[in-house]
Amino acid sequence: MTAEQAVGPIDGSGTGRARCVLAPNPGMMTLDGTNTWLIAEPGSATVIVVDPGPDDVGHLERVRAAVAERDQRVAVIVLTHRHLDHSAGAPRLAELTGAPVRAVDPAQRLGPLGLSAGDVLTDGGCELRVIETPGHTSDSVSLHIPADDAVLTGDTVLGRGTAVIADDGSLADYLESLHRLRLLADQTGLRALLPGHGPLLADPAGVLDFYLAHRAERLDEVRAALAAGDRTPAEIVPRVYAAVDRGLWPFAESSVRAQLRYLADRGELPPGVSW
Ligand SMILES: [Zn+2]
């Protein structure tokens, strides 16, 4: 991969203060690849890199070139969550640029600073506000750019399809996070969601409403599967996810386990269910 090569429709685009460098790791879970986001006020000498992506030298060099072509330097690297398709390149990019890595998970950090809800990072010359959005994973955050009315959503909201609840995630947390983003969309008039994978979403409120409706629908389908006698994720997945590509069924099992935990917490499980 060379710095001149355009690799996809979202590559090089974004909002006034957020620019995407698309990583060459397309796949069923990563869609077109991981979106690495460069955040900077126009004219700023410094940039925040959100989600360096996989440990791919060519990609990290493209990130460096995209920063250098505007006579900028990387001030800090920030992770939306710990999954390797977002985080694996962070140590190498930190080494290449000298920038620290800020993350919710202490194991992902390089340097003295963590990342918490309410933090406001100004290293790119504009505000980047940290919003707690656990659910996909326990350490997931979203990053609000008020000046662009945009939010970087990591894997909490994807550019296509819907997100998966990983085994360290929680459906209750996830629903709360979607409601938090939905409220922000109303309160601040959000105009764009910038996902960790896939294209920019120009109707944040509509997308979040769809996600919330989809989750409610899936829960009802799992309740119906339990009522029909299913007792394990392996039985529930083929019934509830019949329309979904079989290659995604292992990930669907994670989501079903999360839904069973959610129903168990609410005393809604019939006897004999295991996951
Ligand atoms: Zn991802």
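The values are calculated or read from the model by the stated rules, or taken from the named source; none is laboratory data. Everything quoted here is computed from the prediction, not taken from an experiment. Virtual Cβ from ideal backbone geometry, glycine too; neighbours counted across all protein chains shown.
Can you pull out the residues in the range 140-162 that are buried (at least 24 other Cβ atoms within 10 Å of the Cβ), in contact with a helix residue (DSSP H, G or I) (Cβ under 8 Å, 6 or more places away or on another chain) and part of a loop (DSSP other than H, G, I, E, B)?
Hits for the range 140-162 are 140, 155, 156, 157.
I'm trying to understand the selection: among the residues of the range 101-115, which are surrounded by fewer than 17 Cβ atoms within 10 Å (Cβ to Cβ) and more than 16 Å from the chain's Cα centre (by Cα)?
Result: 106, 107, 110, 111, 112, 113, 114.
Could you tell me whether any residue of the range 64-87 is away from the ligand (no atom under 16 Å from the Cβ), small (Gly, Ala, Ser) and under 26 Å from residue 183 (Cα atoms)?
no
Identify, by number, the condition in (1) within 16 Å of the ligand (Cβ to nearest atom); (2) of a type in the set (A, V, I, L, M); (3) out of contact with any Phe, Trp or Tyr (no Cβ under 8 Å at 6 or more places or on another chain); (4) in a loop (DSSP other than H, G, I, E, B) that residue 193 doesn't meet.
The single condition residue 193 does not satisfy is (4).
Given the criteria within 16 Å of the ligand (Cβ to nearest atom) and at pLDDT 95 or above, does residue 237 qualify?
Working: within 16 Å of the ligand (Cβ to nearest atom): no; at pLDDT 95 or above: yes.
Criteria not met by residue 237.
Being of a type outside the set (Val, Ile, Thr), more than 30 Å from residue 41 (Cβ to Cβ) and free of Cβ contacts under 8 Å to residues at least 40 places away in the same chain is true for just one of 138, 170, 116. Which residue is that?
Just a single option satisfies the conditions, and that option is 138.
In the range 203-226, what count of residues is obtained for those that are assigned to a helix (DSSP H, G or I) and without any contact (Cβ under 8 Å) to a residue 12 or more places away in the chain? Write out each step before concluding.
Keep residues of the range 203-226 that are assigned to a helix (DSSP H, G or I), which gives 204-226.
Then keep just the ones that are without any contact (Cβ under 8 Å) to a residue 12 or more places away in the chain; that gives 206, 210, 213, 216-217, 220, 224.
Qualifying residue count for the region: 7.
Does the range 24-42 hold any residues that are in a loop (DSSP other than H, G, I, E, B), in contact (Cβ under 8 Å) with a residue 40 or more places away in the chain and within 14 Å of the ligand (Cβ to nearest atom), and which are they?
Kept after step one, since they are in a loop (DSSP other than H, G, I, E, B), are these residues of the range 24-42: 24-26, 28-30, 32-33, 40-42.
From what's left, in contact (Cβ under 8 Å) with a residue 40 or more places away in the chain: 25, 28-30, 32-33, 40-41.
Residues satisfying the conditions are 25, 28, 29, 30, 32, 33.
Going through the range 235-275 one residue at a time, which ones are part of a helix (DSSP H, G or I), more than 16 Å from residue 166 (Cα to Cα) and among the aliphatic types (A, V, I, L, M)?
Within the range 235-275, 236, 240, 263, 264 meet the criteria.
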